[in-house]
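Novice: Take this structure first; my questions come after.
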Amino acid sequence: SSDVCSSDLTSTNYEVDTIRPTVSSFTTTTSSGYYTIGQNIEITANTSENIQSGNNITVTLDTNDTVTLTAGSAGNEMTGTYTVGEGDNSTDLTISSFTVGTVKDTAGNAMTSNTLPDSIFAGKTIVIDTTPPTITKFTTTTTTGTYKIGDQITITAETSENIQSGNNITVTLD
């Protein structure tokens with residue numbers, strides 16, 4: 001009698017993921033420029049590896065506003081929208097800090113670091129300006145004298161900050 005032995009051997013390599021995800025950068029699709037009350041700024045947190053859908057962090061901006069960024073699907077991005085509010089001002093919008101809500105990679109490793117990345121809105125200058133300009137003084141180049149109906153007197157209004165071309169005001173003279 002002969003002994004016949006048959007065996008199918010399969011070799012499988014497993015990789016154990018113990019690395020926690022981190023925020024690698026903050027970006028925005030919003031163009032550089034000036035923004036005021038009611039305008040939106042899109043913010044994206046990019047992570048070092050894919051995370052689970054529904055994960056979130058809350059960022060604090062230098063305007064003291066907070067925005068929750070959420071992963072809409074599995075991947076390496078969490079997004080949110082900052083709507084400029086009354087009293088918000090920043091010469092170059094940035095993120096001051098962030099707190100981790102629930103963020104896990106696809107292996108289940110939780111994000112624990114809230115260290116800000118070096119790259120925050122790279123190459124963008126987003127100015128938040130909700131303070132209306134004020135008139136600081138009136139001047140004239142017209143000489144002092146007596147004028148009649150139809151004579152022109154040029155009056156210049158100086159403002160507390162730059163304003164857009166084409167603006168005008170009505171001045172009532174005594």
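The values are calculated or read from the model by the stated rules, or taken from the named source; none is laboratory data. Worth saying up front: this structure is predicted, and the values here are computed from it rather than measured. Cβ: placed from backbone, ideal geometry, glycine included. Neighbour counts: every protein chain shown. Keep in mind that these areas ignore ligands, DNA and RNA; they rest on the heavy atoms of the full protein, side chains included. Shrake-Rupley method; radii C 1.70, N 1.55, O 1.52, S 1.80 Å.
Novice: Quick one: plug the Kirkwood hydrodynamic radius of the range 8-49 (C-alpha pairs) into Stokes-Einstein at 37 °C, 0.692 mPa s, and report D in µm²/s.
Specialist: 224 µm²/s
Novice: Keeping every protein chain present and rolling a 1.4 Å probe, give me the accessible area per residue for the chain in Å².
Specialist: Heavy-atom SASA per residue in the chain reads 68 Å².
Novice: Enumerate by residue number the chymotrypsin sites (Phe, Trp or Tyr not before Pro) in the range 113-174 meeting two conditions: DSSP loop (anything except H, G, I, E, B), and at most 11 other Cβ atoms within 10 Å of the site's Cβ.
Specialist: Values: sites: F121, F138, Y147; in loops: F121, Y147.
Those that pass, being in a loop and sparsely packed, are Y147.
Novice: Could you work out the relative contact order of the range 94-174? I mean the mean sequence separation of Cα pairs under 8 Å and 6+ apart, divided by the number of residues, in percent.
Specialist: On the way: 55 pairs, mean separation 18.2, N = 81.
Value for the range 94-174: 22 percent.
Novice: Under a no-solvent Debye model with one identical scatterer per Cα of the range 95-174, what's log10 I(q)/I(0) at q = 0.15, 0.16 Å⁻¹?
Specialist: -0.80, -0.86
Novice: Each label point is 7 Å from the Cα along the Cα-to-Cβ direction; what then is the distance between the points at V16 and S165, in nm?
Specialist: 6.7 nm
Novice: Nearest 5 percent is fine: what portion of the DSSP beta bridges confined to the chain is antiparallel? Walk me through the numbers on the way to the answer.
Specialist: Details: 32 of 36 bridges.
Around 90 percent antiparallel, to the nearest 5.
Novice: Shifting gears a bit: What whole number of Å gives the distance from the Cα centroid of the range 101-163 to the Cα centroid of the range 38-92?
Specialist: 22 Å
Novice: Using a 1.4 Å probe, how large is the accessible area of K104, given in Å² and rounded to the nearest 10?
Specialist: For K104, solvent-accessible area is about 80 Å².
Novice: Now for a separate question. Per residue, how big is the convex hull of the range 35-104 when only Cα atoms are used? Give it in Å³.
Specialist: Each residue corresponds to 79 Å³ of Cα convex hull volume.
Novice: What part of the accessible area of the chain, given as a whole %, is carbon or sulfur when the probe is 1.4 angstrom?
Specialist: That share works out to 46 percent.
Novice: Next question. Please give, to one decimal in nm, the separation of the simple spin-label points placed at D118 and K104, each 7 Å out from Cα toward the Cβ.
Specialist: Each label point lies 7 Å from its Cα, and together they span 3.2 nm.
Novice: What translational diffusion coefficient, in µm²/s and rounded to a whole number, does the Stokes-Einstein relation yield for the range 1-137 at 37 °C and a viscosity of 0.692 mPa s, taking the hydrodynamic radius as the Kirkwood radius over Cα pairs?
Specialist: On the way: Rh = 17.3 Å.
Answer from the Stokes-Einstein relation: 190 µm²/s.
Novice: With r defined as the distance between the Cβ atoms of I155 and N89 and R0 fixed at 30 Å, what FRET efficiency is calculated, to the nearest 0.05?
Specialist: Numbers: r = 30 Å, r/R0 = 0.99.
Rounded to the nearest 0.05, the efficiency is 0.50.
Novice: Now for a different question. Step through the residues of the range 36-48 one at a time and calculate ³J(HN,Hα) from phi using the Karplus curve (6.51 cos²θ - 1.76 cosθ + 1.60, θ = phi - 60°), rounding each to whole Hz and writing x for Gly and Pro.
Specialist: Each residue of the range 36-48 in turn: 9, 3, x, 7, 9, 10, 7, 10, 10, 9, 9, 9, 5 Hz.
Novice: Still on this model: Can you list the aspartates and glutamates whose alpha carbon is less than 17 Å from that of K137, not counting same-chain residues fewer than 8 positions off?
Specialist: Answer for K137, where 17 Å is the Cα cut-off: E158, E161, D174, listed by chain and number.
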